[in-house]
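Input: one structure, supplied below.
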Amino acid sequence: MVNDDDLALDDPVGQSLGGRHAHLARRLGRAATYVADVATFSAVSTGPDAGEWADLAGLLGPGALADMFSCPAVPPPGWEPVFSLEGRQLIWPGRGRPGHPRAEPDSHVLELGADATPEMLDLVARTQPGPFWPRTHELGTYLGIRVNGTLVAMAGERLRPPGWTEISAVCTAPEARGRGHAARLVSALAARIVARGERPFLHVAETNTGALALYERLGFKTRKQVTFRGFRTPCTREPAAAHR
């Protein structure tokens with residue numbers, strides 16, 4: 001059964017760009033995307049017409065990647081499919097604190113600032129948790145764990161539709177796996193999110209069975225199946241639709 005409190009999660013990118021991430025948005029007509037080096041995600045309305053797709057093409061430019069995240073709408077002919085990945089959207093089912101034993105304050109979990117960006121980018125390059133760019137940390141709080149001064153694990157906040165915050169970029173260096181770092185970080189972030197009156201959610205690829213098992217063990221529940229899609233805009237510039 002669809003819960004009215006969950007409806008913002010049907011369009012997490014658009015709801016974020018129109019709300020708490022409006023200061024990180026670029027817009028043309030009814031199309032929107034993030035500014036460069038923050039995120040590649042783009043958004044159109046729930047029932048986009050040809051003019052709206054033209055707005056998005058004009059916003060991104062010819063031959064650019066339109067990362068539509070979990071948007072179910074498909075662009076018109078002339079847009080080249082780039083990727084399609086099956087996944088799930090999971091939510092924290094209640095408003096209480098996560099049940100993991102380390103949901104309490106953890107002195108080994110540190111908040112990462114902008115000065116940690118080179119380390120964060122290096123860890124992402126080694127672990128490939130998903131899209132992460134030089135300014136992605138501006139989307140929300142990022143936490144990490146260091147061992148002997150080296151960043152070995154991190155997780156952070158990404159999409160922020162009303163009432164919700166997505167946990168993303170969960171990754172651990174290969175040499176530090178199997179020590180519970182990811183669980184500690186996800187639990188710490190979820191506790192912070194709940195403490196400010198919001199609910200955590202996240203996305204995971206169906207093929208990432210290890211991460212899925214971890215999130216379910218921590219108490220997250222599948223809300224729905226999603227398909228992540230990306231397309232390349234037409235190589236010839238489409239005229240942007242008049243603002244409506």
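The values are calculated or read from the model by the stated rules, or taken from the named source; none is laboratory data. Here the structure is a predicted model, which means the values were calculated and not measured. We place every Cβ from the backbone using ideal geometry, glycine too, and count neighbours over all the protein chains shown. In case anyone asks, the SASA skips ligands and DNA or RNA and just uses the protein heavy atoms, side chains included. Shrake-Rupley method; radii C 1.70, N 1.55, O 1.52, S 1.80 Å.
Accessible area per residue for the chain in Å², computed with a 1.4 Å probe and the full protein assembly in place, what is it?
Using a 1.4 Å probe on heavy atoms only, each residue of the chain averages 46 Å².
From the phi of every residue in region 62-72, what ³J(HN,Hα) in whole Hz does the Karplus formula 6.51 cos²θ - 1.76 cosθ + 1.60 yield, where θ is phi - 60° and glycine or proline is x?
Computed from phi, the couplings for region 62-72 are x, x, 9, 6, 9, 7, 8, 6, 9, 4, x Hz.
Relative to the Cα centre, what is the charge dipole magnitude of the chain, using +1 at the beta carbon of each Lys and Arg, -1 at the beta carbon of each Asp and Glu, and rounding to the nearest 20 debye? Write out the running numbers ahead of the final one.
Details: 27 positive and 26 negative charges, 85 e Å.
Here the size comes out at about 420 debye.
Leaving ligands and nucleic acids out of the surface, order E86, E166 by accessible area at 1.4 Å, largest first.
The ranking, largest first, comes out as E86, E166.
Something else: Angle check, please: helix 209-218 long axis (alpha carbons) against the longest principal axis of the chain (alpha carbons), in degrees 0 to 90, nearest 10.
Tilt of helix 209-218: around 60 degrees.
Turning to a different aspect of this structure: Please compute the length gained on full extension between T222 and D122, using 0.36 nm multiplied by the number of residues separating them and subtracting their Cα-Cα distance.
Roughly 32.9 nm would be gained on extension.
Hey, of (1) 58, 42, 31; (2) 54, 41, 32; (3) 61, 39, 35, which did the structure itself give for Cα extents along the principal axes in Å when calculated?
So the calculated entry is the one marked (2).
Continuing with the same structure: I'd like the carbon and sulfur percentage of the solvent accessible area for the chain, probe radius 1.4 Å, heavy atoms only, ligands and nucleic acids excluded.
Ligands and nucleic acids excluded, carbon and sulfur give 53 percent.
When all protein chains stay in place, what accessible area (Å², nearest 10, 1.4 Å probe) is found for L65?
Using a 1.4 Å probe on the heavy atoms, I get roughly 60 Å².
I've got another one for you. Under a Cβ-only charge scheme (Lys and Arg +1, Asp and Glu -1), can you give me the dipole magnitude of region 133-199 about the Cα centre, in debye to the nearest 20? Write down the numbers at each step before the final one.
Values: 10 positive and 5 negative charges, 23 e Å.
Once rounded to the nearest 20, the dipole reads 120 debye.
In degrees from 0 to 90, rounded to the nearest 10, what is the angle of the helix 117-127 Cα long axis to the longest principal axis of the chain?
So the helix axis and the longest Cα principal axis differ by about 90 degrees.
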